[in-house]
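The values are calculated or read from the model by the stated rules, or taken from the named source; none is laboratory data. The shown structure was predicted, so the numbers you read here are calculated from the model rather than taken from an experiment. With ideal geometry, Cβ positions are generated from the backbone for all residues, glycine too; neighbour counts draw on all protein chains shown.
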Amino acid sequence: MHDLPEFLLPVSYRPTVAAALRELGVVPRPTTQPRLVYGHLRAVYTFEIRERKARRREIEKFFGPQPLSDYQREIERLRAKYHLLRLPLKRWVE
């Protein structure tokens, strides 16, 4: 996270970004650096990915190899859910 930019406070998040963050249960204050919010989202996203991988391993342990397509669909849903992670932080603020 050290290569993410710092912003002058207070920060005004773009309405679309603020709405997307609210959908994820994140409501940053104007005094919260966007890089901290990004770090939080990244950590939750990583946790969810690892959880899916572990669940897949458990299922395969009992039932043998499973189609990769189901797992790939779940990962694509997560990528869509956390689409803000693909947006540069400069586009998060006004």
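Numbers at a glance
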| read-out | value |
| --- | --- |
| Conditions (1) surrounded by 10 or more Cβ atoms within 10 Å (Cβ to Cβ); (2) in a loop (DSSP other than H, G, I, E, B); (3) over 13 Å from the mean Cα position of the chain (by Cα): number failed by Asp70 | (2) |
| Arg86 vs. criteria loosely packed, with under 12 Cβ neighbours inside 10 Å and either of a type outside the set (A, V, I, L, M, F, W, C) or out of contact with any Ser or Thr (no Cβ under 9 Å at 6 or more places or on another chain) (or both) | yes |
| Only one of Ala80, Ala18 that is modelled with pLDDT of 95 or more, among the aliphatic types (A, V, I, L, M) and exposed (fewer than 11 other Cβ atoms within 10 Å of the Cβ) | Ala80 |
